[in-house]
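All remarks here apply to the structure that follows.
The values are calculated or read from the model by the stated rules, or taken from the named source; none is laboratory data. If you're wondering where the values come from, they're calculated on a predicted model, not measured in any experiment. Positions of Cβ are backbone-derived with ideal geometry, glycine not excepted, and every protein chain shown enters the neighbour counts. Areas reflect the complete protein model, heavy atoms only, side chains present, ligands, DNA and RNA absent. Shrake-Rupley method; radii C 1.70, N 1.55, O 1.52, S 1.80 Å.
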Amino acid sequence: MKTTTTAMRTSLVLVLLLLAAASAAAAAASSKDRCHSDDKKALLAIDAAFGTPYHFASWTPDSSCRDWYGVDCDPFTGRVVGLSIFQDANLTGTIPDVIGGLVHLRNLMLHHLPGISGPIPPAIARLSNLSMLIISYTGVSGPVPSFLGKLTALTLLELPFNSLTGAIPASLAALPYLSGIDLSRNRLTGAIPPLLLSRSPDQAYLVLSHNNLSGGIPAEFAAVNFAHLDLSRNALTGGDASGLFGGAKELQYLDLSRNALSFNLSGVELPEQLYFVDVSHNAIYGDIPAQVANLTNLQFFNVSYNRLCGGVPTGGNMARFDAYNYQHNKCLCGPPLPTTCNK
């Protein structure tokens, strides 16, 4: 009798599990066919704001926005979580405020849209679920808005190749999950916020090249776990950038070239993972650490146009680099340079 009762209970559990699975599958299938009315309304308003261009030809009121070009929907809720508008030179206008209606958006990419101009609208601050924001290769101008500091879920911020001006807002430093920032190729000025990426939970990625930033490299950067750091082609001066180096660091890519940085390279310990180092066109002094010859991953190394002295390290991987990498220093000597070191 107990065996029969146990079997019946087991069968009942299996039936209930199958019914639950079928119900979940039906719900998912149903949601796949629907598009939340609020999101659909917001997307059609975006289309209208841009003048109903051909780029949005698939965005028709009688179809599901799941099938619309550049739109990504959550398979269970039907809410729009991703919007990508890219590679269209014919798209003109400004980023419309109605984009703020996509309140469940996690990823927003506006890429290679040279006809898009005007500032980044405050409506972006309403996208509290946003994890990735990319606005690149556009005519967008004005400041990097401080209201981006309200996007507490943000992990990646890329605004390169635009016409942004002004300072980098300190509010970005408060974002708890932000690990990647690219503000390169703009017209930014002022100092780098000292706590930028200080709260990064993972390896940090920072690209600020080709701007007109001034001041020194923040001392606080020594505590940031950078994997990729590019501050090249600015007007940075002073500051002890040697804190960026260290044997325990995970730094792989470093470009500080074409600034006016001045620090002693002699006592620097280079991270083992480094594969790219460009500190050329600065006022760096001291000598080249002999350790550089033992960095097996190093593919690019340029210390030209500085004030370095002493012999160029030999052996190891140093045969990869020619005189170009060392030229125009105060008193560097030894192969591959033509100047012989005095013993």
Open item on the list: Need one value: the accessible area of residue 272 in square angstrom, 1.4 angstrom probe, rounded to the nearest 10.
Closed with: 100 Å²
Task: Rounded percent of accessible protein surface that carbon and sulfur make up, the chain, 1.4 Å probe - done: 56 percent
TODO: May I ask you to give the solvent-accessible area per residue for segment 144-297, in square angstrom, as obtained with a 1.4 angstrom probe?
DONE: 37 Å²
Task: segment 120-221, dipole about Cα centre (Lys/Arg Cβ +1, Asp/Glu Cβ -1), debye to the nearest 20 - done: 220 debye
TODO: For helix 2-33, report the angle its Cα long axis makes with the longest principal axis of the Cα atoms of the chain; keep it between 0 and 90° and round to the nearest 10°.
DONE: 70 degrees
- [ ] Measure out, as a whole number of angstrom, how far apart the alpha-carbon centroids of segment 182-198 and segment 139-155 sit.
- [x] 12 Å
Open item on the list: At 1.4 Å probe size, what's the solvent-accessible area of residue 132? Round to the nearest 10 Å².
Closed with: 50 Å²
TODO: Let me know the Rg and Dmax you get for segment 50-157 when you use only its Cα atoms, in Å.
DONE: 13.6, 39
Task: Which of 76, 161 is most accessible, then next, and so on - probe 1.4 Å - done: 76, 161
Open item on the list: Rounded to the nearest 10 Å², what accessible area does residue 152 have for a 1.4 Å probe in the complete protein model?
Closed with: 80 Å²
TODO: Calculate I(q)/I(0) for segment 93-237 by the Debye formula, one identical point scatterer on each C-alpha and no solvent, and give its log10 at q = 0.10, 0.11 Å⁻¹ to two decimals.
DONE: -0.31, -0.37
TODO: Note down the magnitude of the dipole of segment 211-343 about its Cα centre, charges +1 on Lys and Arg C-beta and -1 on Asp and Glu C-beta and zero elsewhere, to the nearest 20 debye.
DONE: 400 debye
TODO: Mind pulling the angle between the C-alpha long axis of helix 37-49 and the longest principal axis of the chain? Nearest 10 degrees, somewhere in 0 to 90.
DONE: 50 degrees
Open item on the list: Using the Cα centre of segment 147-275 as origin and beta-carbon charges of +1 (Lys, Arg) and -1 (Asp, Glu), tell me which of 231, 179, 169 is placed farthest towards the positive end of the dipole.
Closed with: 169
Task: Debye, to nearest 20: dipole size of the chain, +1 on Lys, Arg Cβ, -1 on Asp, Glu Cβ - done: 380 debye
Task: Of 84, 160, 104, farthest towards positive along the dipole that unit charges on Lys, Arg, Asp, Glu beta carbons give segment 82-215 - done: 104
Task: Residue-averaged 222 nm ellipticity for the chain, from DSSP H runs of 4+ at -39500 (n - 2.57), nearest 500 - done: -4500 deg cm²/dmol
Task: Mean-position separation - Cα centroids, segment 248-276 and segment 79-129, in angstrom - done: 37 Å
Open item on the list: Restricting the calculation to Cα positions, tell me the Rg (one decimal) and the Dmax (whole number) of segment 260-343 in Å.
Closed with: 11.7, 33
TODO: Give me the percent of DSSP beta bridges within the chain that run antiparallel, rounded to the nearest 5.
DONE: 5 percent
Open item on the list: Which residue, 282, 323, 242, has the largest displacement toward the positive end of the dipole of segment 237-343 when charges sit on each Cβ (Lys, Arg +1; Asp, Glu -1)?
Closed with: 323
